[in-house]
Amino acid sequence: MLKRSIPLLAAVRSSASLPSNSLTLHNLLSSPNLHLQTLLQIHALILTSGNSTNPFFTSKLVSLYASSRRPDLSSLLFSTFPSELHDAFLWNSIVKVRFSNSDFNAALRLYRLMRASAFPPDHFTAPMVVSACAELLWVCFGSCIHGDCVKFGLLSGDFVAVGSSLMYMYCKFGLLCDALKVFDEMPLRDVVSWTALIVGCVRNGEFGLGLSCFREMLCVGERVNSRTVDGVLQACAGLAALQEGRCVHGFCFKIGIELSFVNMYSKCDSLEDVVLAFEELAEKDVVSYTAVVGAYARKGLSAECLELFRDMMVSGLEPDGVFISCMLTGFVNSGSIADGKAFHGVILKRNFLIDTLAGNSLISMYCKFEQLGIAEKIFYNMFERDTESWNLLICGYGKMGSYVKCLDLFREMYFRGLGAVADCNILVPVISSCSQLGALSLGQSVHCYKLKNILPNDATSVHNALVGMYGRCGRLDLARSIFYGMSRDVVTWNTLIATYAHLGYSNEALSLFDQMLAEGIKPTSAALMSALSACSNIAALHCGTQMHIYIREMGLECDVSVCTALVDMYAKCGQIKTSREIFDSMPVKDIVAWNVMISAYGIHGYANEALEIFKEAERSGLKPNGVTFLAVLSACSHGGMIEEGKNIFARMSDYGIAPTVKHYACMVDILGRSGNLSAAEAMVLSMPIKPDGGIWGALLSACRALNNVDMGEHAARMALESDPENEGYYTSLSNMYGSAGRWEEVGRIRGLMKDRGVRKRAGWSALELDGRVLIFTVGDISHPYSESMPLLLENLCRQMEASCYNIENELSFIISSDIY
């Protein structure tokens with residue numbers, strides 16, 4: 001291109017239209033708004049006039065080519081210029097070309113060549129290369145350039161820009177202390193350096209320090225600009241410092257700086273100030289509308305959000321992804337699914353751009369409204385998905401119990417080559433789905449994936465999920481291995497304690513709870529509930545009482561879940577009176593608390609009290625659920641309240657609750673206890689759902705009690721077809737044959753159990769001695785070690801003022817309620 005321009009300029013020169021002396025060339029290069037063609041002509045004139053080796057003209061051409069969006073010509077000119085004629089001005093020009101075009105790598109490479117050519121940086125070079133290091137996050141290189149600045153005295157003079165750029169760099173690195181040191185060492189400071197410090201503090205989350213710097217800036221009399229105030233407003237927003245923000249607002253009004261304060265007031269959650277600041281704006285844009293909508297959305301004021309959206313449409317503005325996201329958040333917070341769907345329809349009808357942010361917000365809204373079908377359609381119709389898109393739908397599947405779909409979507413994500421972007425937020429619901437499905441092999445595969453794709457050190461949530469998954473799948477060895485090899489938080493302790501309690505390792509759960517307290521970890525409500533559940537499982541009254549004292553000291557007596565666990569613990573430890581006292585003292589009771597109290601009376605045989613609690617729950621306006629009716633029916637069954645049980649069962653339809661197999665099992669038991677086996681059998685045969693082993697087992701128990709062998713044989717046959725490994729059915733059938741004197745059938749049933757590998761599980765009992773829970777497992781008396789067991793238990797029971805019974809060739813004991 002340069003060669004093609006030479007004949008044209010030669011013709012121009014021959015007509016004396018352009019002079020060629022240095023002053024004229026300087027004036028030509030200094031002309032404003034030079035077009036590329038004119039610049040090429042001037043360049044040709046410089047070449048033909050013998051000024052091609054002039055560093056000044058070359059530097060100007062380098063800069064002008066870059067301004068004409070031809071940095072390639074700038075680089076070509078610089079590379080063809082003799083290196084021995086390079087000067088600082090030329091180096092600065094070519095570094096600026098690369099820096100201005102965001103080619104930070106090239107700018108730093110040129111800086112290295114400049115230093116290798118023995119040219120020192122000056123106050124023009126340093127700010128550019130320092131900022132390039134900041135953009136690339138090259139800490140070491142930036143520190144070296146800082147050393148060059150100190151070496152060549154660029155920080156000791158009036159070069160404020162150098163110090164300001166160094167402060168910006170260190171703040172970008174997250175090294176705020178180093179930025180403060182640079183600021184303290186600067187002999188002169190201007191508004192740029194103060195602003196760089198304030199903005200740097202805000203970017204690093206040190207909002208309070210940013211406000212302190214602003215106060216000091218005002219004290220020394222330094223003027224402020226709009227960029228300074230903008231950083232201060234961000235600090236006020238980050239701290240939600242409403243009063244300070246109002247002071248800054250008044251200060252800006254006083255000195256005449258016009259800014260939008262809507263976003264600051266929105267972050268401070270001051271809706272009144274947001275509206276006032278918004279109304280004062282002379283020109284409203286999408287950003288200001290978004291700030292106001294965000295304030296309304298956080299409070300769930302969906303009607304106000306819609307009104308503002310209408311005003312925005314009237315003004316001719318179109319919403320962007322951020323605005324749409326704020327609107328959808330408002331619908332979620334207000335729980336208005338109808339408004340959310342209507343707004344979605346408006347978006348589609350008006351063909352607004354649904355970018356990734358808006359699409360993710362739609363998926364999030366529908367997942368929270370449990371509309372997973374619509375969320376799926378949006379997900380698969382998105383033009384571009386990011387990690388958040390996959391994360392939202394995977395989490396939605398996990399929360400809604402669609403565990404198989406959760407795993408399938410993660411598998412699809414992996415096979416699409418997106419496995420490398422899976423983070424902790426995605427892995428946690430995936431591992432939890434494996435846990436719920438009992439899919440140990442899949443869970444181990446996800447664990448291997450986690451190990452292969454090294455996650456950040458703060459992946460504690462993933463480790464917690466793995467502990468829970470392995471524990472739920474019965475691999476306590478692996479759960480413990482992860483637990484003791486990781487950085488633990490309170491959730492980690494909660495997870496393993498709950499796992500122990502769930503699997504029946506109650507003593508281990510209590511021991512781990514004690515270890516947690518010994519290490520100074522403050523237990524949460526979840527940990528206390530798991531520990532109380534362990535106490536309930538083994539009737540560890542002493543431990544439960546100690547936890548109750550701890551709960552009282554921690555001020556958690558108003559926690560509904562914790563109090564409910566206490567009610568359950570005391571009831572299962574035989575302290576029904578204490579259980580009722582805690583229940584009555586609860587300021588707020590949810591449906592779970594009422595259910596636990598009803599069940600407590602039921603298991604103790606206080607059917608009348610259970611019914612009274614049920615009626616009281618109805619009077620309080622609380623709607624009972626299926627568990628409530630199951631607890632009442634169970635109480636009626638244990639208390640022999642036949643008619644009341646029938647009435648309760650009939651009332652389920654009043655609340656729109658369909659009976660489950662467990663409700664039918666209770667009714668069969670009630671009818672059987674009343675001696676009405678025909679009605680019990682008729683109910684089983686007329687059930688709208690297929691009866692399971694529990695239903696037939698209840699009928700079998702009733703037949704055994706009433707010696708109805710024929711019906712009992714049919715019930716036993718159906719029960720064993722449903723659950724052939726349940727030893728209870730064999731035992732009930734054998735006992736029924738024994739009561740009828742059919743000993744051959746008894747022997748046949750025992751032989752059948754042996755052939756099928758079904759063994760009767762040993763019973764167990766527990767008592768508490770000196771604060772320690774002793775558990776005794778007692779099998780058949782014919783066991784060689786069981787001859788001395790009755791004497792041992794009798795002696796222990798005497799010490800505990802308990803009674804000992806030998807019933808049907810098996811041993812059990814009941815501890816009196818006053819000892820409990």
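Report the per residue volume, in Å³, of the convex hull enclosing the C-alpha atoms of region 199-348.
Expressed per residue, the convex hull around the Cα atoms of region 199-348 is 111 Å³.
Give me the accessible area of Val314, 1.4 Å probe, in Å² rounded to the nearest 10.
Number for this one is 130 Å².
With r defined as the distance between the Cβ atoms of Asn425 and Val588 and R0 fixed at 25 Å, what FRET efficiency is calculated, to the nearest 0.05? Provide the component values of the computation, followed by the final result.
On the way: r = 32 Å, r/R0 = 1.30.
Working from the Cβ atoms, E equals 0.15.
Once phi is turned into θ = phi - 60°, what whole-Hz ³J(HN,Hα) does the Karplus curve with 6.51, -1.76 and 1.60 give for every residue of region 423-432, x standing for Gly and Pro?
10, 4, 5, 7, 5, 4, x, 5, 5, 5
Given 10 Å bins starting at zero, what is the percent of C-alpha pairs of region 87-193 in each, up to the one with the largest pair distance?
16, 52, 30, 3
What is the distance in Å between the Cα centroid of region 115-178 and that of region 503-559?
Region 115-178 and region 503-559 have Cα centres spaced 57 Å from each other.
Pop a pseudo-label 7 angstrom from the Cα along the beta-carbon direction at both Asn735 and Tyr380 and give the gap in nm to one decimal.
About 5.4 nm separates the two model spin labels.
Taking 0.36 nm per intervening residue step and subtracting the Cα-Cα distance, what contour gain separates Asn453 from Glu744 on full extension?
98.3 nm
Give the accessible area for Glu370 in Å² (nearest 10); use a 1.4 Å probe, count only protein heavy atoms, and leave out ligands, DNA and RNA.
Its accessible surface works out to 120 Å², give or take rounding.
When the solvent-accessible surface of protein heavy atoms is calculated with a 1.4 angstrom probe, in what order do Phe369, Phe343 fall, highest first? Mind showing how you got there, number by number?
Working: Phe369 40, Phe343 5 Å².
Highest to lowest solvent-accessible surface, that is Phe369, Phe343.
Using a ≥ b ≥ c from the Cα gyration tensor of region 427-487 (square roots of the eigenvalues), is it rounded, prolate or oblate, where a/c under 1.5 gives rounded and otherwise the larger of a/b and b/c decides, a/b for prolate?
Values: a/c = 1.73, a/b = 1.23, b/c = 1.41.
Oblate.
Quick one: order Ile378, Ile603 from most to least accessible surface, probe 1.4 Å.
On the way: Ile378 25, Ile603 105 Å².
From most accessible down to least: Ile603, Ile378.
Cα axis of helix 743-755 to longest principal axis of the chain: angle in degrees, 0 to 90, nearest 10?
Approximately 20 degrees, to the nearest ten.
If ligands, DNA and RNA are left out, what is the accessible area of Glu553 with a 1.4 Å probe, given in Å² to the nearest 10?
Here the residue's solvent-accessible area equals roughly 140 Å².
How many percent of the accessible area of the chain is carbon or sulfur, using a 1.4 Å probe? List each step's numbers first, then the result.
Working: 21590 of 40500 Å².
Accessible surface attributable to carbon and sulfur in the chain totals 53 percent.
Quick one: putting +1 on the C-beta of Lys and Arg, -1 on the C-beta of Asp and Glu, what dipole do you get for region 247-312 around its Cα centre, in Debye to the nearest 20? Intermediate results must be reported in sequence, preceding the final value.
Details: 6 positive and 11 negative charges, 46 e Å.
That gives region 247-312 a dipole magnitude of about 220 debye.
Quick check for you: with a 1.4 Å probe and neighbouring chains kept, what is the accessible area per residue of the chain, in Å²?
On the way: 40500 Å² over 820 residues.
Per-residue accessible area for the chain comes out at 49 Å².
Hey, with R₀ at 51 Å, roughly what FRET efficiency would Asp190 and Lys399 work out to, going by the Cβ-Cβ distance, to 0.05? Kindly include the intermediate steps, with their values, before the conclusion.
On the way: r = 54 Å, r/R0 = 1.06.
Efficiency computed from Cβ-Cβ geometry: 0.40.
With axes computed from alpha carbons, what is the tilt in degrees of helix 88-100 against the longest principal axis of the chain, rounded to the nearest 10 within 0 to 90?
40 degrees
To the nearest 10 degrees, how steeply does helix 460-472 sit against the main Cα axis of the chain, on a 0 to 90 scale?
20 degrees
Gain in length, Leu85 to Cys247, computed as 0.36 nm per residue apart minus the alpha-carbon separation, to one decimal in nm?
Working: separation 162, 0.36 × 162 = 58.32 nm, distance 5.72 nm.
So the extension gain works out to 52.6 nm.
What is the Cα centroid distance between region 380-453 and region 221-257, reported in whole angstrom?
That distance is 45 Å.
So how far apart, in nm, are the two label points at Asp269 and Ser461 if each is 7 Å from Cα heading toward Cβ?
Spacing of the two 7 Å Cα→Cβ label points: 2.1 nm.
Quote to one decimal, in nm, the extra length available between Asp654 and Asn33 on full extension: 0.36 nm per residue of separation minus the C-alpha distance between them. Write out the running numbers ahead of the final one.
Values: separation 621, 0.36 × 621 = 223.56 nm, distance 8.44 nm.
Between Asp654 and Asn33, full extension yields 215.1 nm more.
What's the FRET efficiency of Leu137 with Arg552 using the Cβ-Cβ distance as r and R₀ = 60 Å, to the nearest 0.05? The partial results should precede the final answer.
Working: r = 52 Å, r/R0 = 0.87.
So the FRET efficiency works out to roughly 0.70.
Using a simple spin-label model with points 7 Å from Cα along the Cα→Cβ vector, what separation in nm is obtained for Asp408 and Val287?
Label-label distance for Asp408 and Val287, simple model: 4.5 nm.
Note down the relative contact order for the chain as a percent, whole number, built from C-alpha pairs under 8 angstrom at least six residues apart. Spell out each step's value before the answer.
Details: 1068 pairs, mean separation 27.4, N = 820.
Relative CO of the chain lands at 3 percent.
The values are calculated or read from the model by the stated rules, or taken from the named source; none is laboratory data. In this text the structure is predicted, and so the values were computed from the model without any measurement. Please note: Cβ atoms are built from the backbone with ideal geometry, for glycine as well, and neighbour counts cover all protein chains shown. Quick note on the areas: whole protein, heavy atoms, side chains included, nothing else; ligands and nucleic acids left out. Shrake-Rupley method; radii C 1.70, N 1.55, O 1.52, S 1.80 Å.
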